[in-house]
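Take a look at the structure below.
Coordinate-derived values only; no laboratory data. Since the model is a prediction, treat every value here as computed from it, not as a measurement. Positions of Cβ are generated from backbone atoms using ideal geometry, with glycine treated the same way; all protein chains shown enter the neighbour counts.
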Amino acid sequence: MDDLIIYGLIGGVVLLVAFAAAFVASRYKRCPSNRVLVIYGKVGSNRSAKCLHGGGAFVIPLIQDYAYLGLEPLVIDIPLEGALSLNNIRVNVPSTFTVAISTDPVLMNNAAERLLNLSVAAIRDQAQDIILGQLRLVVATLSIEEINKDREKFMGLVNQNVAEEINKIGLDLINVNIRDLTDESGYIEAIGRRAAAEAINRAKVDVAEQEREGATGEAIAVREKTVNVAREQATSEEGRKLAERTQRVAVAGLEAEAVAKELESKRDIEVAAAEREAETIAASKRAEQERRVKVAEAEAIAVDGENTSSAQVAESNAKLAEIRADARRRADVASAEATEAVLRAEREQELARLAKTELAPQEIEKKRIEIAAEASAERERREARGAADAILMKYQAEAEGVQKVLEAKAEGYRQLVGACAENPQVAPTLLMIEQLPELVREQVKAIQNLKIDKITVWDGGRGGAGGNGGSTADFLSGLIGSLPAMHELANQAGIELPEVLGRILDEPSKNGRIVKAADAPKDEGDHDGPVS
């Protein structure tokens with residue numbers, strides 16, 4: 001029994017140890033060569049993660065966990081279009097960038113902080129946005145000529161700027177491939193055509209120069225060959241003639257020795273020798289003549305070859321000049337077209353700038369003036385409408401007041417006529433008396449501008465009780481005295497006064513004048529007779 005218990009305890013300890021070993025082995029993580037092991041959690045002070053490339057590490061349960069970052073390269077297409085260059089020409093720079101997560105310790109930590117657990121598509125999108133912005137920035141710092149000619153400088157700036165930015169998220173730039181470089185205005189194509197034309201022209205010039213040198217060298221070689229052959233032939237002929245002459249001289253000597261013994265034939269031998277000598281001299285002269293002729297012919301042939309070569313060289317130079325002129329013309333045309341395109345682009349840019357800086361404020365000012373004018377006109381219309389309404393209301397009120405006054409006057413006149421029903425002549429008289437101040441005012445207006453030197457006043461009344469003549473205090477006397485003037489005024493106004501106020505009679509005077517008299521009702525203190 002005790003043995004069983006001991007065996008059981010030993011088995012339990014073994015199982016526990018085996019389980020612990022298996023657990024420990026399961027928590028030990030190895031890192032493949034194409035991945036980065038990221039251990040996160042509590043990994044140390046001031047650290048958010050611990051990154052390993054290669055080897056392995058123990059991941060503490062509960063307080064640590066792990067993940068992997070792939071090191072596979074990512075190929076990112078950058079379809080950059082319409083990027084504005086330094087000389088304000090928009091260019092298209094389609095390119096391909098190859099990036100991957102870096103194995104540098106600092107960059108691995110950046111990748112662990114910013115790219116861990118992100119999908120490949122998300123990482124590609126982030127890198128594409130960063131690369132696109134930096135590529136636009138690099139294009140904006142260079143002109144079209146610099147981008148097109150100095151590709152090494154352009155690639156260096158792209159590598160530098162893009163690498164600095166993508167290193168911030170833990171990526172490393174592996175390769176950059178600029179597929180093509182075009183622009184919307186065709187400026188780069190024009191530059192390419194100009195460069196191709198210049199290269200073709202230079203090649204044609206080089207070929208023409210080589211052909212010219214070849215033709216010249218060939219002509220010189222032919223001439224030297226001809227001269228040397230003629231010289232050697234002349235030398236050979238000269239040697240042969242000398243040998244013949246020597247031989248003949250020797251033969252002549254032997255003959256002379258043979259003939260010396262024969263005195264009879266001495267003269268014949270001398271004559272023969274002289275003849276042979278003459279023949280020798282003549283032959284020598286003929287040989288010299290032939291040599292000179294052949295030399296002259298050789299020189300003529302050489303000169304003819306030189307002239308032919310010179311003519312060919314001149315013709316080649318003429319063709320070369322024509323080719324150069326044609327190439328220069330095409331280059332000038334291409335340059336003019338490129339300049340025209342640049343000027344057209346600058347014109348469009350200047351028009352856009354003017355539309356933005358000058359026309360837009362003027363349009364805004366125009367709209368503001370139109371709105372202000374419409375507002376002012378609307379205000380004036382409303383003020384005029386209000387003033388017209390006020391005037392209309394004023395005139396309506398005045399008309400209503402006048403109507404009220406006229407109605408009141410009509411009612412008063414009606415009552416006056418009703419009160420004077422027994423004597424209808426009284427009502428007009430009273431109305432006339434009411435209008436006298438207005439009539440007098442009008443009469444005064446008629447004579448107010450007249451210059452009057454003096455005024456004579458006739459008192460129509462009689463002397464008072466105290467014997468003072470011309471007293472105007474007596475109302476009735478004054479009224480009677482003013483009746484003629486009243487009748488005259490009424491007559492001028494076309495009004496007939498009532499009979500109670502008397503009437504005017506026309507009486508001839510002794511001096512032939514007409515005296516107007518007014519018959520008035522007699523008062524107790526008045527005398528009968530007209531008042532003048």
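Basic side chains Lys and Arg get +1 at the Cβ, acidic Asp and Glu get -1 at the Cβ, and with that the dipole of the range 335-413 about its Cα centre reaches some 260 debye. Normalised by the number of residues in the range 72-184, the average gap of Cα pairs under 8 Å and 6 or more apart makes the relative contact order 42 percent. Our note on the geometry: Cα centres of the range 152-193 and the range 415-436, 118 Å apart. Sorting the Cα pairs of the range 262-324 by distance into bins of 5 Å, from 0 upward, gives 6, 12, 11, 8, 9, 8, 7, 7, 6, 6, 4, 5, 3, 3, 2, 2, 1, 1 percent per bin. Remark: the range 3-145 is approximated by an ellipsoid whose semi-axes, taken from the C-alpha gyration tensor as √(5λ), come to 53, 13, 10 Å, largest first. Residues whose amide H comes within less than 5 Å of that of ILE101, counting only those at least five positions distant or on another chain, are ASP172 (H built at 1.01 Å from N in the peptide plane). Each residue in MET432, MET108, MET393, MET155 was given a count of other beta-carbon atoms within 10 angstrom of its own, and listing them fewest first yields MET393, MET155, MET432, MET108.
If the viscosity is 0.890 mPa s and the temperature 25 °C, what Stokes-Einstein diffusion coefficient in µm²/s follows for the range 84-141 when Rh is the Kirkwood radius over Cα pairs?
184 µm²/s
Using 23 Å as the Cα-Cα cut-off, could you pick out the over-long pairs in LYS149/LYS356; LYS50/LYS168; LYS225/LYS319? The answer is LYS149/LYS356; LYS225/LYS319. Evaluating 6.51 cos²θ - 1.76 cosθ + 1.60 at θ = phi - 60° for every residue in the range 37-50, the Karplus couplings come out as 7, 10, 9, 10, x, 8, 10, x, 6, 6, 9, 9, 7, 10 Hz, glycine and proline recorded as x. Label-to-label distance for ALA311 and ARG368 is 8.5 nm, based on points extended 7 Å past Cα in the beta-carbon direction. If the Kirkwood radius is taken over C-alpha pairs of the range 2-67, then at 10 °C and 1.306 mPa s the Stokes-Einstein diffusion coefficient equals 113 µm²/s. If you take the alpha carbon atoms of the range 176-333 and fit the smallest convex hull around them, that volume is 91 Å³ per residue.
Under 5 Å between amide hydrogens, built in the peptide plane, is the criterion, and for VAL93 it picks out LEU80, GLU81, GLY82, ALA83 among residues at least 5 positions away or on other chains.
Going from the fewest other Cβ atoms within 10 Å to the most, the residues CYS420, CYS51 appear in the order CYS420, CYS51. Neighbour counts of C-beta atoms inside 10 Å place SER119, SER95, SER45 in the sequence SER45, SER119, SER95, starting with the fewest. Debye-formula intensities of the range 72-184, expressed as log10 I(q)/I(0) at q = 0.15, 0.19 Å⁻¹, are -0.62, -0.91 (one equal scatterer per alpha-carbon, no solvent).
Applying the Karplus relation 6.51 cos²θ - 1.76 cosθ + 1.60 with θ = phi - 60° to the range 63-68 yields 3J(HN,Hα) values of 9, 9, 8, 9, 7, 10 Hz, where x marks Gly and Pro.
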